[in-house]
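S.K.: Quick one: the structure is below, and I'll ask about it shortly.
Only the coordinates and a few stated rules stand behind these numbers; no lab work does. Quantities reported herein were computed from a predicted structural model and do not represent experimental measurements. Neighbour counts are summed over all protein chains in view; Cβ atoms, including those assigned to glycine, are modelled from backbone coordinates with ideal geometry.
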Amino acid sequence: MSTLLQRSVSRSGWLLVIYGVISILFGISAILWPGSTAIALAWAFGVMALAEGITSVFALFNRHVAMSRGWLALYALASIVFGLMAIWHPLAVVNVLLIFLAAWLIVAGVYRIVFAIRVRKEIEGEWMIALSGVLAIVLGALLAAYPVAGVLTVTLWIGAAALVYGVLQVVAGVRVHRWKRVL
């Protein structure tokens, strides 16, 4: 194996472990404190959006900007407004995003049911498509009816996914480290 690849592998092993540990800690915190984690995530997205908006304002003064100044100004304004809202009122932003998710699920569910009805003569198992549509509508309605429970549930799922991802990263990092020693 080339020395360049060996150096790259030796660096990536411990990075995978660090990413994994951070992800595991985040996953545990999301599972233990889902409400606080949801608010923290909204706040973090707000900070990122605000930074993006401010950067876009500075880009407006660049002579060699890649897109039209109108679109860039609109993007900068939208990013700054969203960022400030998410920083000042993170729970409100979380609830609004959850309502958008609920509306999308209901529309997607109706679409799947209509699609299943239209293709029922061409494919087998169309009832599974229709069932997925019904489940999407039910989930969307539940999220709209119980937004706090929805926020907590979504945060718990994010935490569980982060936990699994973190464990996989740590395992991959340890394997890369062991593989490096074999060479």
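S.K.: Does Ser23 satisfy the condition of being over 27 Å from Trp88 (Cβ atoms) and part of a helix (DSSP H, G or I)? Show your work before the answer.
M.R.: Values: over 27 Å from Trp88 (Cβ atoms): yes; part of a helix (DSSP H, G or I): yes.
Taking the combined requirement at face value, the residue satisfies it.
S.K.: Further question: Go through (1) surrounded by 16 or more Cβ atoms within 10 Å (Cβ to Cβ); (2) of a type outside the set (Phe, Trp, Tyr); (3) free of Cβ contacts under 8 Å to residues at least 12 places away in the same chain for Ile137 and report which single condition fails.
M.R.: Single failed check for Ile137: (3).
S.K.: Looking at (1) under 18 Å from the mean Cα position of the chain (by Cα); (2) hydrophobic (A, V, I, L, M, F, W, C); (3) surrounded by fewer than 18 Cβ atoms within 10 Å (Cβ to Cβ), find the lone condition where Ala38 falls short.
M.R.: All conditions pass for Ala38, except number (3).
S.K.: I'm checking my understanding of the structure. Among residues of region 120-134 that are in a helix (DSSP H, G or I) and of a type in the set (Val, Ile, Thr), which one is surrounded by the most Cβ atoms within 10 Å (Cβ to Cβ)?
M.R.: Of region 120-134, the ones in a helix (DSSP H, G or I) are 126-134.
The next check asks that each one be of a type in the set (Val, Ile, Thr); those that pass are 129, 134.
Numbers: Ile129: 18, Val134: 14.
Per the criteria, the residue is Ile129.
S.K.: Considering Val94, Val167, Val81, Val171, which residue is more than 20 Å from the chain's Cα centre (by Cα), surrounded by 13 or more Cβ atoms within 10 Å (Cβ to Cβ) and within 24 Å of Ser23 (Cα to Cα)?
M.R.: Details: Val94 fails: more than 20 Å from the chain's Cα centre (by Cα); Val167 fails: more than 20 Å from the chain's Cα centre (by Cα); Val81 fails: within 24 Å of Ser23 (Cα to Cα).
Result: Val171 is the single residue among Val94, Val167, Val81, Val171 that is more than 20 Å from the chain's Cα centre (by Cα), surrounded by 13 or more Cβ atoms within 10 Å (Cβ to Cβ) and within 24 Å of Ser23 (Cα to Cα).
S.K.: What are the pairs, 6+ residues apart or on separate chains, where a residue within region 71-100 that is in contact (Cβ under 8 Å) with a residue 24 or more places away in the chain has its Cβ under 6 Å from a residue that is acidic (Asp, Glu)?
M.R.: Ser79/Glu52
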